[in-house]
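Every number in this text was worked out from the coordinates using simple rules, so none of it is lab data. It should be emphasised that the depicted structure is a prediction, and the values quoted were computed from it without experimental measurement. Neighbour counts are summed over all protein chains in view; Cβ atoms, including those assigned to glycine, are modelled from backbone coordinates with ideal geometry.
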Amino acid sequence: MRTRTVDYPRRPAVDRSLLPPGPRELPIVGQSLRYASDSLALLWEAAGYGDLVTVSTKPILLFLVTHPDLIRDLFVTNHRSVGRGFLTETYRYLMGDGLVTADGPLHLRQRRLMQPQFHHSRIAGYAQVMTDFADRHQRGWQDASRVDIAQEMSDLTLHIVVKTLFGLDPPDTVRRIGEAFEASNDYITVRGNQPVTLRKLLHRMPTSLTRRFKRGLAYLDQTVYGLIAQRRQSGLDGDDLLSLLLNVRDEEADNPEDAVMTDQQVRDETITLFAAGHETTAVALTWTWYLLATHPDIQRRFQAELDGVLGGRPPTPADISNLPFTERVLTESMRLYPPIWSTGRMTFRPITLGGWEIPAGAGLVAPQLLVQRDPRWFDDPLEFRPDRWTPEFRENLPRFAYYPFGGGPRLCIGEGFAWMEAMLILATLGQRWTVRHDPGHEAALMPLVSLRPRGGMPMFLERRERAGAMPAAA
Ligand code: HEM
C-alpha cells in the first residue's frame, strides 16, 4: 500500500498584492501553457523580476528562487516545512514511495536506513565494475567514426547501474530495462505537463503511451520482485545495492517486523536509485565530452594529466584525488550544464523567505541552470573555464551558487557514487580517445526531467596514438 505521510493543501487562497513581483499571467490557466511549452524561457524571463519571484498564482502557486542565500533558507533552514509534494507527483507512477518522492517521516526513515549504503567505503567496491564496463564499451569504438556520445554514455551508465544495483548483466535484460526506463521517462515528461484530472484519467485509459509505459513497468516490477524473492529464498548475499537494502536493519524500529524494509520498499528504492542515477550521470558525461571536444586545448591538458598520473593503466578510486584538472573539468561542466537543471520544494507549512510570507501548498523552484550561470557569482558565466575552480574561489563562493546535487537533508544520496563513476569513465576513455566536435551539429538544451541535449550529441572519435602507451586490447 502506498503511504503518503504529508498532506499538502492544494490551492491556497492568496492576496496577490502580498506576494513578490513577477510576470503577468493569464486568467484561470496562469502560466501553465507557457510552462508546458517552454518552462526554461518562462523562468529566464521571471528571473528578471528579482531573486524571489511569483511565477504564477493559478492553477498552482509557484515561486522562483534564484539567490543562493534564499535557496539555503529553502533547502536547509526551512527543511522541516517543505517536501516534494506535487513537484514529483508523476514520478510516483514509476518510483512509488522511494527517496525521491517520499516526504516527512517516511523520507527521514528511508534516508537514515539507506545513507550507510552510500558510504565511501561501500561505493569504492563498485569502482572495478565501472572501469571494466567503460573499458569493454570503448573496445567497440572505431577510429574516425561518428557516434552519438549521448547514446554511448547512456548505454554505458545503464550497464553500470544495472550491475551495481541488481547484479545483472545479460545484454537482453539490460536492454529491456533500458527500454522500460525510456518509456517511463517519456510518460513522466508528457503526463507531468498535463492538468491533474486529465493526467489521472489518461493514466487509466489504454492510450499507446500509457500501454507502453505500463508494459515497461510490468517488466521492471517482474525483474525486481523476482530478484527480491530469489535473494530472500536463497539467503545468498550479493554485493549489489539490492542485496544491501534487503539486509538493512532499523535499530530504532518498535517491533521486529518493522525493522526490515518490505519487498515493496526495496522495489521502490531500487527503482528510484536506478531512475535517479542512470540518466543524470550519462548527461553529465555527455556535456563534459561536448565541452572537451569544443575546447581542444583543455582536452589536451586533461589527457596530459591522465597520461602523467595513470600512464596507461586503468584508474582506481585512489587515483581520483591525483586528477585535480579532470575534477575541475567535471565541476565546471556540471556548472554550465547541471544534469538536474532545476530542483524544487513544496511547502506543507507557511514559511518566510526573504521577508515574504509563502503560504502552505506553494511550489518553489530553484533552477541550478539559472543560478550557476549568474554573473554575480561567476565571471564570464557562459565560458567553460575549469581553471576558475581554485581553492580560494571555492571558499568564497556562496554554498548555493553551485549545487548540481541539491542540498540540505535531501542532498543527492548518490553524489559520491556519481563523482566516482564519472571520474573513472572520463579517465578510462580519455586515455584512449580524443573526441572531436562535429561542426555540422549545433548543441541545444532539452530541459525535461534532466538536461539532455536536443537531438543527441554527434561527435567524431579519434584513437589516441600514444594512448598513455596502453595496449589496444588486453
Ligand atoms: C551526475 C549525477 C547526478 C546528479 C547531477 C544528481 C543530482 C541530484 C539532485 C539535484 C537531487 C535533488 C536534491 C535536492 O532536492 O536537494 C538528487 C536527488 C537524488 N539522487 Fe541524485 N544525482 C546524480 C546521480 C545520482 C546517482 C548515481 C544516484 C544513485 C545511485 C542518485 C540518487 C538520488 C536520490 C535517491 C535522490 C533523492 C534524495 C532524497 O530526496 O533524499 N543520484 N540528485
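Straightening the chain between A36 and D172 buys 45.4 nm, computed as 0.36 nm per residue apart minus the Cα-Cα spacing. Only Lys, Arg, Asp and Glu carry charge here, each on its Cβ (+1 for the first two, -1 for the last two); on that basis segment 299-444 has a dipole of about 260 debye about its Cα centre. The simple spin-label model puts a point 7 Å past each Cα toward its Cβ; for K58 and W356 those points are separated by 1.9 nm. Expressed in Å, the radius of gyration and Dmax of the Cα atoms of segment 190-284 are 17.0, 46. Between R199 and R313, the simple label model (points 7 Å from Cα in the Cβ direction) yields a spacing of 5.1 nm.
Here segment 39-76 is scanned for amide nitrogen atoms under 13 Å from the site 7 Å beyond the Cα of I28 along Cα-to-Cβ, giving 59.
A simple spin-label model places the labels of R454 and D258 5.1 nm from each other, with each point 7 Å out along Cα-to-Cβ. Computed from the C-beta positions of R112 and E462 and an R0 of 60 Å, the FRET efficiency is 0.80 to the nearest 0.05. Working note: Cα gyration tensor of segment 72-166, eigenvalues times five, square-rooted, sorted largest first, giving semi-axes of 35, 18, 13 Å.
For segment 252-334, the residue among F302, T288, P317 whose Cα projects farthest onto the positive side of the dipole built from Cβ charges is F302. Within the straight-line cut-off of under 15 Å between alpha carbons, the aspartates and glutamates reachable from K200 are E89, sequence neighbours fewer than 8 places apart in one chain being disregarded. Compared with the alpha-carbon gap, the fully stretched path from Y225 to L18 is longer by 69.5 nm at 0.36 nm per residue. Against the empirical 2.2 N^0.38 Å scaling, what ratio does the C-alpha Rg of the chain come to? Dividing the Cα radius of gyration by 2.2 N^0.38 Å gives 0.99. The lysines whose alpha-carbon is closer than 25 Å to the alpha-carbon of K163, local same-chain residues fewer than 8 away aside, are K214.
Quick check: residue separation of E179 and R136 times 0.36 nm, minus the Cα distance between them. What number comes out in nm?
13.4 nm
Quote the relative contact order of the chain in percent (integer), defining contacts as alpha-carbon pairs under 8 Å separated by 6+ residues. 25 percent.
Once the mean of 1/r is taken over each pair of separate Cα atoms and inverted, segment 291-414 shows a Kirkwood hydrodynamic radius of 16.8 Å.
Each Lys or Arg adds one and each Asp or Glu takes one away; over the other residues whose Cβ falls under 12 Å from the Cβ of S56, this sums to +4.
Put +1 on the Cβ of each Lys and Arg and -1 on the Cβ of each Asp and Glu in segment 16-469; which of L451, T197, L245 then has its Cα farthest toward the positive end of the dipole? Result: T197, furthest along the dipole toward the positive end.
Per residue, the chain reaches -15000 deg cm²/dmol at 222 nm when only DSSP H runs of four or more residues are counted, each adding -39500 (n - 2.57).
Placing +1 on each Lys and Arg Cβ and -1 on each Asp and Glu Cβ, with no other charges, gives segment 16-469 a dipole about its Cα centre of roughly 1040 debye.
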